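Note sheet for the following structure.
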Amino acid sequence: MLYVTPHHHYPTTVSLRIDRRLELLRLYNEYGFIIFEDDYDFDFHYKLRPLLPLASADEKGMVIYSGSFSKSFSPAFRMGYLVAAENVIEHLGNVRILLDRQGNQIIEDAMAFLLNDGTIQRYLRKTLAVYKERRDFFCELLSSELNGAVNFAIPEGGMTV
């Protein structure tokens, strides 16, 4: 199994280039390994649209794609999502039952409601502008207050500089 963070790798903030993504898909086709794609900050792109996940080009069901609402919505919502082949979902569901038999039905239902009625999407559009403003302010402070003592690139997305 190979673990990748395709957008805004922490701590470098570098995104996995398209040629490297394609090479990963070629290698997984050749060698048959699983790719676990943890796209924890997919929603935070300030310049360009996000790249499509590797899972979108997965023809063999060997890419497991995951995301979380913890960074985009609230750390209190310890909830994420997983996109994978049916047999993988079934197996991981059985493992989850062993670890957490009951889950939190109220929080899960609330998140489903917020997703279905568009609240999450509206919230993310608003917060994207706020986080971009915070990033820009922080980068301006780094430049002005440290006056060349620090070398950095302004990231195109994510929540890290």
> What's the number of the condition Pro155 fails, among (1) over 30 Å from Gly61 (Cα atoms); (2) out of contact with any Lys or Arg (no Cβ under 8 Å at 6 or more places or on another chain)?
Replying inline: (2)
>> I'd like the full set of residues that are under 17 Å from Lys47 (Cβ atoms) and surrounded by 14 or more Cβ atoms within 10 Å (Cβ to Cβ), limited to the stretch 137-160.
In response: Cys139, Ile154, Pro155, Glu156, Gly157, Gly158, Met159, Thr160
> So which pairs qualify, if the first residue must be in the stretch 93-116 and under 17 Å from Ser68 (Cα atoms), the second must be modelled with pLDDT under 90 and assigned to a helix (DSSP H, G or I), the Cβ gap must be under 7 Å, and the two must be at least 6 apart or on different chains?
Replying inline: Leu114/Ile120
>> On the basis of being in contact with a strand residue (DSSP E or B) (Cβ under 6 Å, 6 or more places away or on another chain) and surrounded by fewer than 13 Cβ atoms within 10 Å (Cβ to Cβ), does Tyr46 make the cut?
In response: no
> In the stretch 4-33, which residues are touching a residue at least 24 places away in the same chain (Cβ under 8 Å), surrounded by fewer than 17 Cβ atoms within 10 Å (Cβ to Cβ) and farther than 25 Å from Tyr131 by Cβ?
Replying inline: Asn29, Gly32, Phe33
> Counting only residues that are over 26 Å from Ala55 (Cα atoms) and among the β-branched types (Val, Ile, Thr), which one in the stretch 74-113 is surrounded by the most Cβ atoms within 10 Å (Cβ to Cβ)?
Replying inline: Ile107
> Among all residue pairs at least 6 apart or on different chains, which show Cβ distances below 9 Å where the first residue, located in the stretch 141-157, is among the charged types (D, E, K, R) and the second is loosely packed, with under 10 Cβ neighbours inside 10 Å?
Replying inline: Glu156/Lys47; Glu156/Leu48
> Quick one: which of Gly67, Gly118, Gly61 is exposed (fewer than 11 other Cβ atoms within 10 Å of the Cβ) and either more than 20 Å from Tyr10 (Cα to Cα) or of a type in the set (Gly, Ala, Ser) (or both)?
Replying inline: Gly118
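Pick from the stretch 36-69 the residues that are among the aliphatic types (A, V, I, L, M) and touching a residue at least 40 places away in the same chain (Cβ under 8 Å): which of them is nearest to Asn87 (Cα to Cα)? Give the derivation first.
Step one: filter the stretch 36-69 for residues among the aliphatic types (A, V, I, L, M), giving 48, 51-52, 54-55, 57, 62-64.
With touching a residue at least 40 places away in the same chain (Cβ under 8 Å) added as a condition, the list becomes 48, 51, 54.
On the way: Leu48: 34, Leu51: 26, Leu54: 19 Å.
Per the stated criteria, the residue is Leu54.
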> Conditions: (1) modelled with pLDDT of 85 or more; (2) in contact with a Pro (Cβ under 8 Å, 6 or more places away or on another chain); (3) not in a helix (DSSP H, G or I). Phe36 meets all but one. Number of the miss?
Replying inline: (2)
> Is there a residue being in a helix (DSSP H, G or I) and aliphatic (A, V, I, L, M) anywhere in the stretch 70-87?
Replying inline: no
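I need the full set of residues from the stretch 103-113 which are modelled with pLDDT under 90 and either part of a helix (DSSP H, G or I) or among the β-branched types (Val, Ile, Thr) (or both), in order please. Outline the logic, then answer.
Initial filter on the stretch 103-113 (modelled with pLDDT under 90): 103-108, 110-111.
Answer for the stretch 103-113, where residues must be modelled with pLDDT under 90 and either part of a helix (DSSP H, G or I) or among the β-branched types (Val, Ile, Thr) (or both): Gln105, Ile106, Ile107, Glu108, Ala110, Met111.
The values are calculated or read from the model by the stated rules, or taken from the named source; none is laboratory data. Note that the structure is a prediction, hence the values are computed from the model and not measured. Here the Cβ is made from the backbone with ideal geometry for all residues, glycine too, and neighbour counts use every protein chain on show.
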